[in-house]
Amino acid sequence: MSVDKIKKTEAKEVTETKLQGSCEIGDTAECATCKLCASTCPTELNLEKVVRIARYIKDEKGEIKGSHRDVFRLASKLSGMAETQGWLKGVEEGNDIVYFPGCAALFDTLLQRDTNYSGNAKAAVLSLNKLGFKPEIVYGCCGHDIYFSGALDEFEVLKEEMMKKLKGKKIVVSCAEGYHMFKNIYGLDVVSFLEFVQQQNPEFVKKDLKTTYHDPCRYGRYNEIYDAPREVLAKASDFREMENVREDAICCSVSAWLNCNRYSRDVRRARLEEAKASGAEYLVTACTKCSIHLDCIHFELDNEDAKALDDIKILGFDQVVGYALGVYDPFKEEKDYDIPESAGKFLEPLEIKKDVTKYIDDDLLEQAFLCTTCKNCTEVCKTHHDTSGLMEEFRKELVNMGLGPEKHEKIAKAIAKTGNVFAEKESKSKPNPKAKYIYYPGCVALYRRDDVFNATTKILDMLGIEWEIPEGLVCCGSVMKRTGHDLSELIKKNTEILKDRPVVCSCSGCYATLKKDYEGLNILHITDIVKEHIEKLPLKAVKKKVMYHDPCHLGRKFGYYDIPREIIETVPGIELITFDKEKEQAQCCGAGGGVKSAKPDMANNLAKKKMEEAQEKGADMVVSACPFCELNLGDNSDHIPVVDILNLLMESMGVEE
Amino acid sequence: MIGVFICFCGNNIGGYVHVPELTEYFNKKEGVIAFDTMFLCSEIGQNLIKEKIEELNLDSVVIASCSPKHHGGIFQACIGEKMNQFKWEFANIREQCAWVTPNKEEATEKAKAIINGAIEKAKLLTDIGTTKVSVTKDVLIIGGGIAGMHASLELSDKGFHVNMVEKKETIGGNMVRFDRIFPTDDCAMCTGSPLLADVAMNPLIDIFSLSEVTEVKGRAGEYIATVVKKPRYVDETKCTACGECTTHCPVEVWSEWDLEMGLRAAIYKPMAQAVPLKNRIERDSCIRCGTCENVCKAGAIMYDDEPREFKLTVGAIVVATGYDLVDLSNTEYHLEHPNVITGLQLERLKVPSGPTEGEILRPSDGKKPKHLLFVQCAGSRDRRHNVYCSKICCMYATKNARLIKAENPEMDITLCYIDMRTAGRGYEEFFDTAREMGIKYLRGNVSEIVPDGEDLIVRVEDTFANEPKAIKADLVVLSTGLIPSQGTRDMGTIIHLVSGADNFLAPVHVKIAPVDTANKGIYIAGTSESPKPIQECITDAGMVASRIATFLKDPEIEIELVTSKINPEVCIKCGTCADNCVYDAIETTGEFYKVLDVSCQSCGKCSVTCPTGAIDLSLYTEDQITRQIDGILASDRDSIIAFSCYQCGYNAADLAGTAKAKISPKIKVIRVPCSGRVTMQHMLYPFYKGAKGVFLAACLEGQCHYIDGNLQAKEKVALAKKSLDIMGVGGHKLNLFNMSSAEGPKFVAAAKRMVEICQ
Ligand SMILES: Cc1cc2nc3c(=O)[nH]c(=O)nc-3n(C[C@H](O)[C@H](O)[C@H](O)COP(=O)(O)OP(=O)(O)OC[C@H]3O[C@@H](n4cnc5c(N)ncnc54)[C@H](O)[C@@H]3O)c2cc1C
Ligand code: SF4
Ligand code: SF4
Ligand code: SF4
Ligand code: SF4
């Protein structure tokens, strides 16, 4: 099974306990903050920040739960309150440089597994000794896990303590998380052990280990340290690459001890399979956490697929260096942590007043409302994190605090008052209580793209399908939902009217909302119906190069890719050419998620980009299946018309609109 | 809204704690409403609870009163009438607060913290349902001694089909080897043989002799026992027990049944009343000469007989595997000397149908002894052997001394004892007449028996005369202490039963559930539980029969789902939980792991080692315990948290209260089902919230009611201590103390030690 195939299945017997993170604010816990999706996000927003603040809100409610009963986040908090003891013995210490060994000894004890992750730090110091350095070892906790899991107040306390020990010093750090924290969050002068060894360029004596390298996100995508470990490993061992590396590296899928579940386990398993396939015997990484999570499968007692991975072992980068330098034996029995008895300290519990507003700044508000809810990230995300769901829920929190964009508030008011997004007064109902179908055109087709409205109704008529637009329908609430507003009133009103008959939508946004956020309705997209009766339409040749734009709410949301394309291809003479990225990878029109109203520049830029590509590819026409996409793309197209699929059919039939 | 009901318990709580102050205090707390009443367990109290649940639509209830060990059941039933029976939490402010805190102000503050912890936990309580599973009406009785026989008769009288599995070639156990029975001196066989016959003839009782249970699987109401029947080498369906074979068999070896006081052939039946009444070839002594095959007219000899394994499906199990005697050979008692015998051997000599036809003849030369000496407490009340008293030896030695004296007035009979323990109806009178008969009772513990040729010199200090003595005897009878039989000891591994420090099987509660075990549907009777006279074995057996009749009365039993649950989305199927579960309660075969509600014993050990947190124990969830800690520490930050296992530590804490010991008010008990339920997070979290210390009060090693929970806890505590040392918090502030449920003083000592450490 490849990682890409890992999809969430509906567990048959979900018990009282919830999936970690599936609570109010989206699935915040399920994001590994690995940044794999960053390059696919059209708006390039800083997801990590949003996730972190969203977790803060959840943490306040006690809803953030790490694996291992959350003991590691607890230990991190405790570390900020007491004084971490030294646990490395048998190394030469001095004050040439400062070395930070991370938390491995805590992991070795608290994990309750027979592990020696501490060996990495020991190997690092022995290697430094060998290279002629006698470091001052500063113990403590960098706070990565509490920071990334949203325990930001506790992190501040810890940071202050650590700053006392580290300020003004030049620090060598082994683990990726410590490196990232000290460098980018503490703003300290740090060098990674990876680069340190690379610069020292030592002579290696034992190079027999067959290795491959797993990029920890914190070194890789966060800090772009890709070459140093590879260069060193190539010299220090028999090195080979895995399939997905560097920017595309698959992560260990557990970050800050969150998100350990059957899905992320499959990602880890797939990563080990990749390592094994590379021909390596040792998967080397430079992050204790990556080591722990990837190694986890070796402690499973029951899974067949785990047993098959017994022969691919996990080693720390520093261990390989220590081994290659001939100063450290990673295969020995004894442990490398040596814990002294501590006199102890009575802890003053932290006086923390949780208040998320401390962490809400303009940048966050900007980031939070940038997302077009296109789900591009979810598509690449190995754990299928529902980012757009998170955004919607997080926006709800902000809106409740009165921090939503003014434009969104206006729209919400308009809907409350007039029942439509555009505050139009005119009712466009077409009652016909006998009709078998209800046509639900949605705000855009009704008030901004009547071309779509007209084409839809005409084609329904041509197919002999009786339809009506009943009195009293209001906006489906798509925009409300995306922008963090309450749509329950709308749901109530519409459901009452829509509940008994099949409902046809011409707008993907309406389709998605009615299908996902409403209950008990029979929702069809117009293309479903057209596809079924296409032979009844007298289609004539249209000699045009056409590009199809996948609406996110039809495509990625429902995997609805083929029907529209099939319809287009039925039209004689049409040449269907494609965007560089389409279907699952398609780039959005830029308008969704309330971006068109609140961040019009972003919406326009994205649409322009898309239309420029259409122009370059020589398209005569861009076709879509969502009036809202068509509206935004059309607004940003100078030459190429953007029409609905039904309008294309109308053209083919030579029907005047 | 959470309703807090605080009990004065007359003066029992009211005299030590300002109850009205508590009520007032909790009434001010948001989302809480508090009431107090004189006796909460009374009808008035119960009505108050029921009324308020209904009137105020309470979400959950906190009962602040005595230990849940007392009236937990009453309150559960009372609350269950109005809402889910599990939506309440206990605050033990009597045994663990009022009675151990002499200062009223301190006691009141402590009560606040305890109640606050309970309130916080109660906020997270959820409805817990029940489920029904079908039951098999058959019963398995392991061991066919007096306890097993009586239980089987009682049960068959109630209409249950009984499978009796007996290890030996005959049922009857030890009692049918005796001559007479105290305190009535009636003959053992006169009482025993009608019973044996009843069991043998009863159509509802199937007897499997020479058989042993090797495995028990399944769940309460439907246990599947694997039984292995050893070969008898005689066809039970054909043998008529004519004894022709025995008469002709050339072999003569010591008889095990007669405890080597007599001989038997290789083909034999142990006694005339054996059940089943069939001969048996004991393979090790048989020389395969073929004689029996030739003489046996029934053609019953089966040299090629083989062990047979079969399975029995039963709804309930009775363990009545009895006792053995402690082996005193090669000790200061010199049991290996021919003229030192045990009380049980003496019984064989005394039985009229026994090897000496009832004559007391000493083994070395077959002569009648002139100086007979009984040594009491041989192997009992002695740290080198068994610390406990075997309870019956004073009586059985006196019984035999009296009988022998009556028949041989000239014989000099001395009985050396530490104290005579003859408590029981008619027992003291029994002892009195013995002295009147001229039996010499010498108060002194025998220090050594020194062989002197065929005679023996018994060294003892006469503590009345205050002089050491060396008494010459030509036959010494040891009143040997009782130990659990091998079969009884094996039950620990075969059925996962728990035993006490004395290795006898432990009931779930010595006082209020003396025949129940922690495993539903499995009961213990007779001397497998502790040394006791026949009378008590019969009482046990009757009670077991009654318990089983209740348990199996309906076609289905209701099971409360206070079990562990697995969230299939989170579970990575690593197998750790299943590996940890000694009850095989986690089904691992399907696409998802699942806890089998009927098998789960709710110890929570599984959930502690789950890496992902997918599995959690109802009623003691990770969060519920954490919130309870929060609640306690919010009231009293300086607390020392005492996670106490409900089987031992908690009970010991209660007993400390009953004894009105003094315990620092800093100590706050959190009840857990098993010390193995306490996670690393629970051990560390209190420190984060400012607690001064944390300890676990667990069962004695080897006596965990869930087999190994306390050993697992021990490992975890060791690691958590290390991590506390790394973090600089100090590992010495976390400790584990082992204690039995009876050891109140140990809890007090643990608490004291913790207060000293955590200054
Ligand atoms: C010397 C002596 C004299 C006594 N005199 C008296 C007296 O006068 N009055 C009195 O009240 N009490 C007396 N007692 C006590 C009395 O013996 C016990 O109370 C009584 O016999 C106990 O019965 P039981 O059924 O519990 O156990 P047992 O009699 O020990 O029966 C247990 C049965 O279980 C069987 N068994 C063991 N393991 C297994 C297994 N794994 N599978 C299947 N079967 C198994 C055994 O073979 C045995 O048949 C005396 C005891 C002694 C030692
Ligand atoms: S991957 Fe393994 S080690 Fe990592 S959090 Fe999950 S269970 Fe723990
Ligand atoms: S790819 Fe998934 S896990 Fe990684 S940052 Fe994006 S949403 Fe989070
Ligand atoms: S065959 Fe064995 S049992 Fe039979 S008579 Fe010979 S010795 Fe005895
Ligand atoms: S220990 Fe946890 S993750 Fe592992 S199989 Fe059990 S429930 Fe699943």
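The values are calculated or read from the model by the stated rules, or taken from the named source; none is laboratory data. Everything quoted here is computed from the prediction, not taken from an experiment. FYI the Cβ positions are ideal-geometry reconstructions off the backbone, even for glycines, and counts take in every protein chain you see. Side chains are part of the model used for accessible areas, which takes the heavy atoms of the whole protein and leaves out ligands, DNA and RNA. Shrake-Rupley method; radii C 1.70, N 1.55, O 1.52, S 1.80 Å.
Taking the centroid of alpha carbons for each part, the stretch A:430-456 and the stretch A:591-653 are 21 Å apart. Close amide H contacts of A:V190 (hydrogens built in the peptide plane, cut-off under 5 Å, sequence separation of 5 or more or a different chain): A:I171.
How many percent of the accessible area of chain A is carbon or sulfur, using a 1.4 Å probe? All intermediate terms of the calculation are to be shown ahead of the outcome.
Numbers: 11760 of 25150 Å².
Here it works out to 47 percent.
Under 13 Å from a label point 7 Å along Cα→Cβ of A:K332: give me every residue in the stretch A:95-130 with its amide N that close. Correct set: A:119-120, A:122-124, A:126-127. Rounded to whole numbers, the Karplus 3J(HN,Hα) couplings from phi for the stretch A:437-450 are 10, 9, 9, 10, x, x, 4, 5, 5, 5, 10, 10, 10, 5 Hz, using 6.51 cos²θ - 1.76 cosθ + 1.60 with θ = phi - 60°, and x at Gly and Pro. To put it simply, the accessible area of the stretch B:324-470 at a 1.4 Å probe is 48 percent carbon and sulfur. Give the long-range amide H neighbours of B:I670: residues separated by 5 or more places, or on another chain, with amide H under 5 Å away, using H modelled in the peptide plane at 1.01 Å from N. Close amide H contacts, sequence-distant or interchain: B:A642, B:F643, B:S644. Each of B:L56, B:G613, A:V172 was scored by the projection of its Cα onto the charge dipole of the protein assembly as shown, and the greatest displacement toward the positive side belongs to B:L56; charges sit on the C-beta of Lys, Arg, Asp and Glu.
Averaging Cα coordinates gives a centre for the stretch B:293-318 and one for the stretch B:704-759; these two points are 52 Å apart. Normalised by the number of residues in the stretch A:363-417, the average gap of Cα pairs under 8 Å and 6 or more apart makes the relative contact order 28 percent.
About its Cα centre, what dipole magnitude does the protein assembly as shown give when the only charges are +1 on Lys and Arg Cβ and -1 on Asp and Glu Cβ, stated in debye to the nearest 20? Show your work: numbers first, answer last.
Working: 176 positive and 207 negative charges, 321 e Å.
In debye, rounded to 20, the protein assembly as shown gives about 1540.
Overall, the ratio between the Cα radius of gyration of the stretch A:462-563 and 2.2 N^0.38 Å, rounded to two decimals, is 1.22. Antiparallel beta bridges, as assigned by DSSP with both residues in chain B, represent about 45 percent of the total such bridges.
Dipole of chain B computed with +1 at Lys/Arg Cβ and -1 at Asp/Glu Cβ about the Cα centre; of B:L40, B:A541, B:A525, farthest Cα towards the positive end is B:L40.
With the cut-off at under 20 Å, measuring from each backbone N in the stretch B:40-75 to a point 7 Å along the Cα-to-Cβ line of B:A513 picks out B:66-75.
What do you get for trypsin sites (Lys or Arg not before Pro) in the stretch B:258-353 restricted to DSSP loop and a cutoff of at most 15 other Cβ within 10 Å of the site's Cβ?
On the way: sites: B:R264, B:K278, B:R280, B:R283, B:R288, B:K297, B:R308, B:K311, B:R348, B:K350; in loops: B:K278, B:R283, B:R288, B:K297.
Passing sites in the stretch B:258-353 are B:R283, B:R288, B:K297.
Comparing the full protein assembly with the isolated chain, the residues of the stretch B:710-749 losing at least 30 square angstrom of accessible surface (1.4 Å probe) are B:L719, B:K722, B:S723, B:D725, B:I726, B:M727, B:G728, B:V729, B:H732, B:K733. Remark on the stretch B:549-580: accessible area falls by at least 30 square angstrom from chain-alone to full-complex state for B:K565, B:N567, B:P568, B:E569, B:V570, B:I572, B:K573, B:C574, probe 1.4 angstrom. The modelled label-to-label distance for the pair A:E92/A:K617, using points 7 Å beyond Cα in the direction of Cβ, is 6.4 nm. As a fraction of the 1.4 Å probe accessible area of the stretch B:637-759, surface on carbon and sulfur atoms comes out at 55 percent. The trypsin sites (Lys or Arg not before Pro) found in the stretch B:446-516 that occupy coil by DSSP, while having at most 14 further C-beta atoms within 10 Å, are B:K511.
In the structure shown, do any of A:K410/A:K499; A:K65/B:K692; A:K375/A:K516 have a Cα-Cα gap over 21 Å, and if so which?
Numbers: A:K410/A:K499 29 Å; A:K65/B:K692 25 Å; A:K375/A:K516 15 Å.
Result: A:K410/A:K499; A:K65/B:K692 exceed 21 Å.
Taken across both chains, chains B and A shield about 4800 Å² of accessible surface from a 1.4 Å probe.
Comparing A:A625, B:I625, B:G709 along the charge dipole axis of the protein assembly as shown, the residue lying farthest to the positive side is B:I625, per the Cβ-charge model. Computed over the alpha carbons of the stretch A:251-329, Rg followed by Dmax gives 12.9, 39 Å. Using θ = phi - 60° in the Karplus curve 6.51 cos²θ - 1.76 cosθ + 1.60, the 3J(HN,Hα) couplings for the stretch B:695-708 round to 9, 10, 9, 10, 5, 5, 4, x, 10, 4, 5, 10, 6, 9 Hz; x is entered for Gly and Pro. In a reduced charge model with +1 at each Lys and Arg Cβ and -1 at each Asp and Glu Cβ, the stretch A:363-417 shows a dipole moment near 280 debye about its Cα centre. Look at where the Cα atoms of the stretch B:417-453 and of the stretch B:76-107 average out, and the two centres are 49 Å apart.
Taking every DSSP beta bridge that has both residues in the protein assembly as shown, what percent is antiparallel when rounded to the nearest 5? Intermediate values should be presented prior to the final figure.
Details: 54 of 154 bridges.
Rounded to the nearest five, the antiparallel share is 35 percent.
Once the Cβ-Cβ distance of A:E351 and B:Q76 is raised to the sixth power relative to R0 = 41 Å, the FRET efficiency obtained is 0.55. Contact residues in the stretch A:227-274 (at least 50 Å² less accessible area with all protein chains than alone, 1.4 Å probe): A:R262.
Coordinate range of the alpha-carbon atoms in the protein assembly as shown per principal axis, descending: 134, 83, 76 Å. In order along the stretch B:150-162, the Karplus-derived 3J(HN,Hα) couplings, from 6.51 cos²θ - 1.76 cosθ + 1.60 at θ = phi - 60°, round to 5, 4, 5, 5, 4, 5, 5, 4, 8, x, 8, 7, 10 Hz, and Gly and Pro are given as x. Where both bridge residues fall in chain A, DSSP classifies roughly 5% of the beta bridges as antiparallel. Surface analysis of the protein assembly as shown yields an accessible area of 38 Å² per residue, using protein heavy atoms and a 1.4 Å probe. With 0.36 nm allotted per residue and the present C-alpha distance subtracted, the B:S329-B:E436 stretch has 35.2 nm of extension available. Normalising the average separation of contacting C-alpha pairs (under 8 angstrom, six or more residues apart) by the number of residues puts the relative contact order of the stretch A:539-653 at 32 percent.
How big is the dipole moment of the stretch B:393-489 about its Cα centre under a simple scheme where the beta carbon of each Lys and Arg is +1, that of each Asp and Glu is -1, and everything else is neutral? Debye, nearest 20, please.
Numbers: 12 positive and 16 negative charges, 96 e Å.
So the magnitude is around 460 debye.
Pairs of Cα atoms under 8 Å, at least six residues apart: use those to get the relative contact order of chain B, whole percent. All intermediate terms of the calculation are to be shown ahead of the outcome.
Values: 1704 pairs, mean separation 95.4, N = 759.
About 13 percent, as a whole number.
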